[in-house]
Amino acid sequence: MTTDTAAGTTNWQPTACILCECNCGLEVEVAGRRLARIRGDKAHPASAGYTCEKPLRLDHYQNAPDRLTSPMRRRADGTFEAVDWDTALSEIAARLLAVRDAHGGPSIFFYGGGGQGNHLGGVYMRSLMGALGARYRSNALAQEKTGEFWVDARLYRGHTRGDFEHAEVSVFIGKNPWMSHGIPRARPMLREIARDPNRTMIVIDPRRTETAELAEHHLALRPGTDAWCLAALCAVIVQEDLMNHQFLAEHANGTDEVITALRAIPADAYAAHCGLDPSDVRTVARRIAAAGSVSIFEDLGMQQAPHSTLSSYLDKLLWLLVGSFGTPGGMGMHTDIVPLARTEHEDRDFSPVLGARIIAGLVPSNVIAEEILTEHPDRYRAMVIQSANPAHSLADTPSFRRALAALDLVVTVDVAMTETARLSHYVLPAATQFEKWECTWFNFEFPHNTFHLRAPVLEPLEGTLVEAEIYARLVDNLGTLDGVDLTPLAEAAAAGRAEFAAAVEAAIAAEPRIAAVLPIVLYRTLGPALPDGPVPAALWSIARRAAAAAPDAVRRAGHGQPGDDAAAIGEALFDAMLAGRHGITFSVDDHADVWSRVTTPDGRINLVIPELLEELAGLRTDEGLPDGFPLVLAAGERRAFTANTIIRNPDWRRRDTGGALRVHPKDAAPLGIGDGDRATLITAGGQAEVLIAHDETMPVGAIALPNGLGLDVLDADGKLHRTGVAPNELTRAEDRDPIAGTPWHKHVPARLEPFPA
Ligand code: SF4
């Protein structure tokens, strides 16, 4: 709690914004059960008081009209009845065991796990997976980032991030940080770059976004042509011999093969295919090559469009060819609290029905429904969904609804009665992110990386439980640890951390069942010994693992003493996590450290990815849109007042309350569709009535719907009311990347017709 000297009050409590991966530090003032006032937290080590407009009305999340206050069980007629926790959990456990015994643990699928700054529930959920012997899971990352992860793993086995604070050249591909952030203090940083005559911002995006307005170079390419544009940029660097030969010789394998492939690229023809002036593409390539440092950020505009995995590869080749890695202002390989992705390069995990690549442990979201709606003996039979809304967020919503209906059991854990919850057999009400201990770990900064464990600012709403307790009780009901005496572990925890660490090691050796449900065991044994309750207990092993992975970086951030071993540094980090209510810097990197994180066998970067070089060679300049669909729809654009589906109350939005479809007047006028009119939007996947907003920042031929709308929310009369369009009523599951299975949400062929059609 901090003092507001101006107001003379002492009610400000530190917490965090939960609306994007930056998780800016906030301070909130609580009145009753309301988040009455919200402001940026100046003490937060990354955001330092910065916020955008989104979190200031977070009370619409905290006090959503459809919050749940009791476990709900679905009746045969589709309505729900409230049941007590013991009944719900014992019935769910019995039904999960029945599915496992009949079809095996892998037939129970897990989806979700949390969200932005909402991760501990997912950690405890993994104990339920372990208890059941479940194997398959997915979450939103499989809709966005798995193609990039696969490329990262093949190239250098790690995850990279740019040092935009110091980069001479910053490049944003399909990324509008002004709206989607992704970088701490994004807007001030973008303004700083734009003001500095020695620095250059390059935006590759079809739309003249708010970020593009600030950029020195805006390559306004045709939607879906990122791969051709990036191939042309790489080709110019190779063909004009602008490469950093010394870097490539010292650090890369396969340079000659990649150079040969890029020499064959007709750069000017590819630029023209993108609708760009070839001389602009050459100017941008030369600026990148001439820079002392380059940082590049690719995001959903590119990652949810055709050839997205190839585009990720070409993005990385762009900065590798000029050697912008491991130096200030360049790309770096950051530390993690929890690794975002596994970095094995082998393709060794595949989904059970379609054999789709499992990347970073995640089944591609777009195959889940198909892997249920089949007679295949290994199909999924049950699903547990944690803080996620796949019946809204996955492609082809109608088919996903049918898939959920075909399962023997669907259990959803969430704060509100979501679209997915309504299709579940049981819905378990969780405490909100402001009613429980939670943390942020989408932290990828370099060289200073931060972490924030935040305390609840409110007691859980009556009738709800924190996820740790829900999963602990479920594991109890399953009988996973029956006969295992946890008393020695609890006694060791009370005696001290060193004693506890030794006891955990011995307990796992004696009883392997403990390893499968370790987060719950920590919650039950270490948790009671913690100063402020048991929920952060799972962070103990996470802190130790983070310190073991990068002991020097964690030590440089002030955790531990000189000469400490990794275990002692990990314990110091855990203590700092528990104490640092405004967030902490958990690691301070040295640029030289990044090479120790390139974990290829010889410590060099593998430039050659044969599958993608083959795809590159097969790019054609006659690829077009299907007949009858002359427009490209971006289904899910981030705007000032969109935030996935976490805020369900439409009153949250101050602007664009109806979630209008943006269309260039030149596309609307021939159809007789005026600004503010309604129209019918038609795709191969479905159709919807849309509100039209003329917008000259849109390129001709492209239209955009916001993300997160189309929710069915209770209105003041207790009736369900939908605002805006649910984008996935219009998308198809088969429209996905051939390697990663990521959806093409930002490239949906479409047409508009005056309303009524
Ligand atoms: S930048 Fe992201 S985390 Fe920060 S206040 Fe805005 S939405 Fe929240």
Revision key, fill the gap. Looking only at lysines whose Cα falls under 21 Å of LYS42's and that sit 8 or more positions away or on another chain, we get LYS54
Review point. How would MET383, MET179 line up by accessible area, probe 1.4 Å, largest first?
Key: MET179, MET383
Exercise for review: Determine the calculated [θ] at 222 nm for the chain from helices alone, applying -39500 (n - 2.57) to every DSSP H run no shorter than 4 residues and normalising by the residue count; nearest 500 deg cm²/dmol.
Suggested key: -9000 deg cm²/dmol
Revision key, fill the gap. Using alpha carbon positions and the Kirkwood radius, the Rg to Rh ratio of segment 1-118 is 1.15
**Study point:** segment 111-170 - Rg and Dmax from Cα coordinates, angstrom
**Key:** 15.8, 51
Practice item. Would you grab the residues whose amide H sits under 5 Å from the one on PHE325? Only those 5+ places off in sequence or on another chain, please, with H modelled 1.01 Å from N. Key: MET331
Point to revise | Extension gain (nm, one decimal) between ASP101 and ASP347, 0.36 nm per residue minus Cα-Cα | key: 85.6 nm
Point to revise | the chain: equivalent-ellipsoid semi-axes (sqrt of 5 x gyration tensor eigenvalues, Cα, Å) | key: 39, 32, 26
Check your understanding: To the nearest 20 debye, what is the magnitude of the charge dipole of segment 286-436 about its Cα centre, counting +1 on the Cβ of each Lys and Arg and -1 on the Cβ of each Asp and Glu?
Key -> 320
Check your understanding: In segment 142-250, with Lys and Arg counted as +1 and Asp and Glu as -1 at Cβ, which of these residues, TRP178, LEU190, LEU233, has the Cα nearest the positive end of the dipole, that is, farthest along it?
Key -> TRP178
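If you average the sequence gap of Cα pairs under 8 Å that are 6 or more apart and divide by the length of the chain, what percent do you get for the contact order?
The normalised contact order for the chain reaches 18 percent.
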Practice item. Could you calculate the contour length gain from ALA716 to ASP84, that is, 0.36 nm times the residue separation minus the distance between their Cα atoms, to one decimal place in nm? Key: 224.8 nm
Review point. Does a label point 7 Å from the Cα of ALA640, set along Cα-to-beta-carbon, have any residues of segment 151-180 with amide nitrogen under 13 Å, and which are they?
Key: 179
Check your understanding: So who's got an amide H within less than 5 Å of the one on ARG37, skipping anything under 5 residues away but keeping other chains? H placed 1.01 Å off N, in plane.
Key -> GLU29
Exercise for review: Provide, in order from the shortest bin, the percent of all Cα-Cα pairs of segment 489-530 in each 5 Å bin, continuing until the bin that contains the maximum pair distance.
Suggested key: 6, 28, 34, 24, 8, 0
Study note, to complete from the structure: dims of segment 631-754, Cα set, principal axes, largest to smallest, nearest Å -> 39, 39, 24
Check your understanding: Which of the listed residues, ILE358, TRP319, ALA291, is farthest toward the dipole's positive end in segment 250-366, when Lys, Arg count +1 and Asp, Glu count -1 at the beta-carbon?
Key -> ALA291
Revision key, fill the gap. Once the mean of 1/r over all distinct C-alpha pairs in segment 518-582 is inverted, the Kirkwood radius in Å reads 11.9
**Study point:** Cα-based radius of gyration of segment 3-62 once divided by 2.2 N^0.38 Å, which approximates compact folds
**Key:** 1.06
Review point. Which of the lysines could a cross-linker span from LYS175 if the Cα-Cα distance has to be under 17 Å and same-chain partners fewer than 8 positions apart are dropped?
Key: LYS145, LYS316, LYS746
**Study point:** Gap separating the Cα centres of segment 690-745 and segment 496-546, nearest whole Å
**Key:** 43
Practice item. Could you grab the relative contact order for segment 454-530? Cα pairs under 8 Å, six or more apart, rounded to a whole percent. Key: 33
Study note, to complete from the structure: Any aspartates and glutamates whose Cα falls less than 17 Å from that of LYS666, other than same-chain ones fewer than 8 residues away, would be ASP675, ASP677, ASP695, GLU696, GLU753
Practice item. Could you give the C-alpha radius of gyration of segment 258-367 expressed as a fraction of 2.2 N^0.38 Å, taking N as the number of residues it contains? Key: 1.31
Check your understanding: So how compact is segment 146-337: Cα radius of gyration and Dmax in angstrom?
Key -> 15.2, 44
Practice item. Collect residues whose amide H, placed 1.01 Å from N in the peptide plane, falls under 5 Å from the amide H of ASP735; neighbours closer than 5 in sequence don't count. Key: none
Review point. Quick one: putting +1 on the C-beta of Lys and Arg, -1 on the C-beta of Asp and Glu, what dipole do you get for segment 3-62 around its Cα centre, in Debye to the nearest 20?
Key: 140
Review point. Can you give the relative contact order of segment 631-754 as a percent, counting alpha carbon pairs under 8 Å and 6+ residues apart?
Key: 38
**Study point:** Cα coordinate range in segment 559-601, projected on the principal axes (Å, largest first)
**Key:** 38, 24, 17
Practice item. Compute the distance in nm between two label points, each set 7 Å from the Cα along the Cα-to-Cβ direction, one at LEU56 and one at ALA194. Key: 1.9
Point to revise | Rough spin-label spacing in nm, given labels placed 7 Å along Cα→Cβ, for ALA31 and ASP602 | key: 6.7
**Study point:** Dipole magnitude of segment 146-337 about its Cα centre (Cβ charges: Lys, Arg +1; Asp, Glu -1), debye to nearest 20
**Key:** 280
**Study point:** Note, ³J(HN,Hα) from phi for segment 405-417, Karplus 6.51, -1.76, 1.60, rounded to Hz, x at Gly and Pro
**Key:** 5, 7, 7, 6, 7, 10, 10, 10, 10, 6, 8, 9, 7
Check your understanding: To the nearest 10 Å², what's TRP150's accessible area with a 1.4 Å probe?
Key -> 10
Study note, to complete from the structure: Correct semi-axes for segment 374-423, from √(5λ) of the alpha-carbon gyration tensor and rounded to whole Å with the largest first, are 19, 13, 8
**Study point:** Rg(Cα)/(2.2 N^0.38 Å) for segment 213-278, N = residue count
**Key:** 1.25
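The values are calculated or read from the model by the stated rules, or taken from the named source; none is laboratory data. Not measured: the values here are computed from a predicted model. Virtual Cβ from ideal backbone geometry, glycine too; neighbours counted across all protein chains shown. Side chains are part of the model used for accessible areas, which takes the heavy atoms of the whole protein and leaves out ligands, DNA and RNA. Shrake-Rupley method; radii C 1.70, N 1.55, O 1.52, S 1.80 Å.
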